[in-house]
Amino acid sequence: MSRQGGAYNAAPLRQEAPSRPPDGLVAEAMRSSGGVAASAIRALIDQGMPWTEIGSILGSDGPELVRRTLELHRERLEERLAEQRAELDRIEPLLLEALVTRGPANPKALAGAGNGAI
C-alpha cells in the first residue's frame, strides 16, 4: 500500500505474470510432457512465477535445476506472504482506532457497504 494525496492505494495481492509466454514455450511443454506440463505451467503462472523461470524448468534435463528453481520461488512466495502479513499488522490498529473514533456504525451505512460503498 502506498499513501498518495491522503488516500491509500492498495497494491495487488500478487504480481501478474505476462499474458503471453515466450514463443513456443507452451507448445514445447505439450510435446515433451503432455497435460502434466500444461497443468504445472498453469499452476506456476497462477503463483506469479516469471516466464523465464518456467522456461528454465521446462528446458531442464535434470531434477536439481527444477528443485532449485522451485525452492527459490517458494522462498519468494514466503517473503511476499510475510510482507502482506506485516502490512495487515500495520493497518489493523489504524482501522480499530478509526472505528473507535467514528463510534457506533450507522446501520443504513452498513447496508450500503455490501454494494462497494465504503
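The values are calculated or read from the model by the stated rules, or taken from the named source; none is laboratory data. Everything numeric here is computed off the predicted structure, so don't read it as measured data. A quick note on method: Cβ atoms are made from the backbone with ideal geometry, for glycine too, and the neighbour counts reach across all protein chains shown.
Odds and ends about this structure:
- Positions within the stretch 89-106 being within 23 Å of Gly48 (Cβ to Cβ) and surrounded by 10 or more Cβ atoms within 10 Å (Cβ to Cβ), in sequence order: Arg90, Ile91
- Condition met for Arg74 (modelled with pLDDT under 85 and surrounded by 10 or more Cβ atoms within 10 Å (Cβ to Cβ)): no
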